[in-house]
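The structure appears below as structure tokens.
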Amino acid sequence: MMNIQQKTAILIISFGTSYQNAIENNIGIIEKEIQKYYKNYTVFRAFTSKIILNQLKKEGIEIDTIVQAVEKIIKQDYTSIICQPTYIMHGREYQKMILQLQPYKQKINILYGKPLLSDESDYQKVVNCMISENQFITKKDALILIGHGSKHGINSCYRTLEYYFAKQGYDYIFVATVEDSHDIDIVLNKLQKKSLNTIYILPFMIVIGFHAHQNIFGQYKNTWKNQMEHRGYCIKPIVRGLGEYQGICRIFIEHIENAIKSN
């Protein structure tokens, strides 16, 4: 187990967002909660999307890449670094993160925290968090959690999450993704079998960024909100990123704790 007296850094690794308010209101909240819990460690930030980093740079905002952050941490004589991603799953972004960190294993002790949905207990904790935060939604309504999605095989985690909701009796909660254009048809078919008052749409994404604004709540006719309203449903958006939920922050904190214990 890591000696708490060591000079340890925690690197929070996010895909990133070009929406400046989402940086602090979503990602920033996770970082602050982690810093609050791990008072003896220093929290650093890194984004992985080159497109987002370049866009932010044009706006005068400089955020480190993984390589830049690790180099900075090493130069400041840290002996260990805990790399905690804010990813939803063990997909391509997580794999790329591991590859970028590999060359530094000889220079600094590196520990890896897991993405949000990594084991059975994570799914249950996410279910508990979503139910606790949305108690105003009843079985006469529907709640649709919309993630980004991935072409990676681990994308099945969204189906698994929906299974966990149903297993607990919340069969009015559905999980879909913007990546899979067929998902909206699948959800609509399920909704037709129910007599509903209101449909709530919640982005199952760390930040309220591009996809939330453009694919889910945007003004274009093919957004989730507009397509469902066009079919006569009463839609109410829940515009909160997962980074704003204390229960979600807590899962990332636990993943850091597990990484420390496994060292």
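Key figures
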| quantity | calculated |
| --- | --- |
| Where the chain is the region considered: accessible area per residue in Å², 1.4 Å probe | 49 |
| The range 19-97: C-alpha gyration tensor shape, a/c 1.5 cut-off, then a/b vs b/c | rounded |
| Full-extension gain in nm, HIS213 to LYS39, via 0.36 nm per residue minus C-alpha separation | 59.2 nm |
| Per-peptide average of other Cβ atoms within 10 Å, ordering 232-245, 195-208 highest first | 195-208, 232-245 |
| The range 89-216, accessible surface, carbon-and-sulfur percent (1.4 angstrom probe) | 49 |
| Contact order relative to length of the chain, as percent, for alpha carbon pairs under 8 angstrom and 6 or more apart | 23 |
| Anisotropy class of the range 147-263 from Cα gyration tensor, a/c 1.5 cut | prolate |
| Enclosed volume per residue, in Å³, of the convex hull spanned by Cα atoms of the range 1-154 | 154 |
| Descending semi-axes in whole angstrom, ellipsoid equivalent of the range 75-200, from the Cα gyration tensor | 36, 16, 10 |
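The values are calculated or read from the model by the stated rules, or taken from the named source; none is laboratory data. Treat the numbers as computed from the prediction; the structure is a model and nothing was measured. Don't worry about glycine lacking a Cβ; one is built from the backbone with ideal geometry, like all the others, and counts go over all protein chains shown. Protein only, heavy atoms only, side chains kept; ligands, DNA and RNA dropped before computing areas. Shrake-Rupley method; radii C 1.70, N 1.55, O 1.52, S 1.80 Å.
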